[in-house]
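Only one structure is covered here, and it is reproduced in the block below.
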Amino acid sequence: MPDTAVSPVITSRSESTGTSQANAGTGYERPAVEFRNIDIAYGKFVAVRDFSLAIPRGSFVTLLGPSGCGKTTILRSIAGLVDISRGQISIGGRRVDDIPIYKRNIGLVFQSYALFPHKSVFDNVAFGLKYRNVPKPEITRRVGKALEMVRLPGSEKKLPSQLSGGQQQRIALARAIVFEPEVLLLDEPLSALDANMREEMRVEIKKIQKETGITAIFVTHDQEEALSMSDQIVVMNAGMMEQIGTPEEVYETPRTSFVADFLGKANLLAGSVTASDGQNATVALKAGQRVSVVSPRPLSTGTDITIVLRPQKVQVGAGIENRLSGRVISASYLGGNVIYEIDIGEQTVIRANSQLVGKMIPEGEAIEIGFDPAGCVLLDETGSRVS
Ligand SMILES: Nc1ncnc2c1ncn2[C@@H]1O[C@H](COP(=O)(O)OP(=O)(O)O)[C@@H](O)[C@H]1O
Ligand SMILES: [Mg+2]
């Protein structure tokens, strides 16, 4: 074994619980994939910088970030399609340098289905098996099983052109899982599909991943996709990891203003501390009002601070804590909920997503809003969470 050091977090967790990762029982509890301090450069341009991550077996991990932040580059490095210029990547505890590309047991699904257009569904799905010299009856059995799994049983004889976009993507998925890869890489596999199909496929992919217990690394720039599918989300920005956590963690407790803003259009309210006792702080907003927030530690008077307030945490109506008066700039009815954009003065606009009680308040009218002092996150001058 050329590589013995493993991320301490993963090791201690699997030892102490001794339980149910999806693939427990294989007796092999090294991370399915581990990156250690990798850099990836295209010429002089460093696309990924100092990236470290250990992905537990059987988990569903998403790389989330805007276009160009390095997500595809990281996936390509696992498959050996791009070279790393620093650091190490291991698959199942083995450094990938020791594994030739064709022996890396990896399934790939991309945005474009990349099916062979003139080959039947059977031949498309069987491709990876023929290539691996699996006997014919076994190929037939496994293709049948994979097609059942993606809910297109009996479609062996069809051509890709006879299938819808969503169905073609299911075939691409069947082709990627049919040889039981160690890791499944999915690069924006849903972005070419229409909205309804996208939601259906989210559920489908997640179900297949759970049933097979396969380790999946999913890439998307769509926060809803990431939040609804992932065990862990890695938020990326300009080639670097900004934060890693469960969907709830990255959404509820963003560590930086980038994460707060990228996930869910947070309201970022600038202000400065006027009083603080270690549990609560009073903040004078740039817009003029004073609000009270729960603070994890005492803050010096005069400290510049940004309050991260989710639209869902903004309450509409009078008699609420942290009362702010404003005027409705826009109101959109979303069936049960209303999205308001509210001008609270000094060019500060707050977005509220609130359940409709009574009548909607129309554009141009005055509105009272507020929020729970514990319902927000504080960021310091550097844009990092106060903790
Ligand atoms: N083959 C390449 N040659 C040069 N630059 C590249 C190449 N592929 C990607 N890049 C650059 O690397 C950065 C990351 O790209 P990519 O990993 O594709 O981002 P993402 O998948 O997050 O949109 C981008 O700035 C992109 O322009
Ligand atoms: Mg990409």
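Where a number appears in this text, it was derived from the coordinates with a stated rule and is not lab data. Everything numeric here is computed off the predicted structure, so don't read it as measured data. Glycine also receives a Cβ, built like all others from the backbone with ideal geometry; neighbour counts cover every protein chain displayed.
With an 8 Å Cα cut-off and a minimum separation of 6 or more residues, compute the relative contact order for the chain in percent.
Relative contact order here is 14 percent.
Using a Gaussian network model on the chain with a 10 Å cutoff between Cα atoms, which of Asn37, Asn105, Asn337 fluctuates the most?
The residue that fluctuates most here is Asn337.
Given a Förster distance of 25 Å, report the FRET efficiency between Ser292 and Asn337 from their Cβ-Cβ distance, rounded to the nearest 0.05.
Here the calculated transfer efficiency is 0.40.
Please give the length that would be gained between Tyr102 and Glu138 if that part of the chain were fully extended, namely 0.36 nm times their separation in residues minus their C-alpha to C-alpha distance (nm, one decimal).
My answer for the length gained is 10.9 nm.
Binning at 10 angstrom from zero up to the longest distance, how are the C-alpha pair distances of segment 266-379 distributed in percent?
Per 10 Å bin, starting at zero, the Cα-Cα P(r) for segment 266-379 comes out as 15, 48, 28, 9, 1 percent.
Classify segment 59-195 from the C-alpha gyration tensor, please: rounded if a/c falls under 1.5, else prolate or oblate depending on whether a/b exceeds b/c.
Because a/c hits 1.5 or more and a/b fails to exceed b/c, segment 59-195 counts as oblate.
Between Ala266, Ala126, Ala41, find the one with the highest GNM mean-square fluctuation for the chain; connect C-alpha pairs within less than 10 Å.
Ala41
Compute the FRET efficiency between Asp304 and Asp194 as 1/(1 + (r/R0)^6), taking r as their Cβ-Cβ distance and R0 = 35 Å, and round to the nearest 0.05.
Calculated transfer efficiency: 0.20.
Any idea what the relative contact order of segment 266-379 is, in percent, if you count C-alpha pairs under 8 Å spaced at least 6 apart?
Here the relative contact order equals 29 percent.
If you take the Cα atoms of the chain, find Rg, then find the Kirkwood Rh from the mean of 1/r over all pairs, what is Rg/Rh?
Value, to two decimals: 1.05.
Multiply the residue separation of Ala318 and Ser67 by 0.36 nm, subtract the distance between their alpha-carbon atoms, and state the gained length in nm to one decimal.
So the extension gain works out to 86.2 nm.
Subtracting the Cα-Cα distance from 0.36 nm times the residue separation, let me have the gained length for Ser85 to Gln347 in nm, one decimal.
Length difference between fully extended and current span is 89.7 nm.
Please find, in a Gaussian network model of the chain (springs between Cα atoms separated by less than 10 Å), the residue of Asp231, Asp39, Asp277 whose mean-square fluctuation is greatest.
Comparing Asp231, Asp39, Asp277 in a Gaussian network model of the chain, the most mobile one is Asp277.
Among the GluC sites (Glu not before Pro) within segment 340-387, which fall in a DSSP loop and have no more than 11 other Cβ atoms within 10 Å of their own Cβ?
Glu346, Glu365, Glu381
Mean 1/r over all different Cα pairs, inverted: what Kirkwood radius does segment 323-387 give, in Å?
Roughly 13.2 Å, rounded to one decimal.
Run the reach check for Lys313 against lysines, Cα to Cα strictly under 23 Å, same-chain hits fewer than 8 apart removed. What comes back?
Within the straight-line cut-off, Lys313 pairs with Lys265, Lys286, Lys359.
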